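The next block holds one structure in the form of structure tokens; read it before the comments.
Read-outs throughout are calculated quantities, based only on the coordinates presented, and are distinct from any laboratory measurement. Being a predicted model, the structure only gives us computed values, none of them experimental. Here the Cβ positions follow ideal geometry from the backbone for every residue, glycine too, while neighbour counts run over all protein chains shown.
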Amino acid sequence: MTGTNEMTLSFSAKSENEAFARVAVAAFVSQLDPTLDELNDLKTAVSEAVTNAIIHGYESDPSCQVTIEATIEGDSVSITVTDNGHGIEDLELARQPLYTSKPELERSGMGFTIMENFMDRFEVSSTSGGGTRVAMQKRIESKKALYN
Ligand SMILES: Nc1ncnc2c1ncn2[C@@H]1O[C@H](COP(=O)(O)OP(=O)(O)OP(=O)(O)O)[C@@H](O)[C@H]1O
Ligand SMILES: [Mg+2]
């Protein structure tokens, strides 16, 4: 594939939309012919980022919008998940495995760790009160590579 291909998606901060977002990104990326493993990694990472935006960023306020931007460039896909919600005060602490600010909701504090492990690149920027942006990138080897 040549050139770049971009898409933007905005949706209400409702937990019903987690599955929608995951499937929409998977459908967009399918043109790179990913393996099931690659697709599952991507879907999981997107799901974690979107869940965070909805639950932590917006406290599930359905009048707020989560935005996903995805860009395919060569054999890589870059994905950003953005919210304009509460933001994160201490990013270093938030990124620690097992850290959660909502233990009462039985969160395990593994979202950021999962995103970091499942994607090739992972960056999070946030300002307290100003929202959060997660940027991730993954190279898709594609099924074709398996047959060669
Ligand atoms: N978009 C966001 N807006 C505000 N705070 C966030 C956001 N994403 C993450 N955080 C903060 O970072 C912490 C760690 O996030 P992480 O996804 O690793 O764990 P978790 O969401 O608490 O639990 P899990 O993802 O395992 O259910 C959260 O508990 C929350 O305090
Ligand atoms: Mg999480």
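Structure above, values below:
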item	result
22 Å Cα cut-off, lysine pairs counted over the chain (separation 8 or more, or different chains)	5
Label-zone membership for region 47-73, site E104, 7 angstrom Cα→C-beta point, backbone N under 15 Å	56, 59-60
At q = 0.11, 0.12, 0.23, 0.28 Å⁻¹, base-10 log of I(q)/I(0) for region 18-90 (Debye sum, equal scatterers on each alpha carbon)	-0.29, -0.34, -1.00, -1.30
Nearest-ten-degree value, helix 36-52 long axis tilted from longest Cα axis of the chain	20
Cα-centre dipole for the chain with unit charges at Cβ (Lys and Arg positive, Asp and Glu negative), debye to 20	240
222 nm mean residue ellipticity, helices alone, for the chain (DSSP H n ≥ 4; -39,500 (n - 2.57); rounded to 500)	-9000 deg cm²/dmol
Exposed GluC sites (Glu not before Pro) absent: longest stretch of the chain, with sites in DSSP loops and at most 15 other Cβ within 10 Å deemed exposed	17-58
Scaled radius of gyration (Cα, divided by 2.2 N^0.38 Å) that the chain gives	1.04
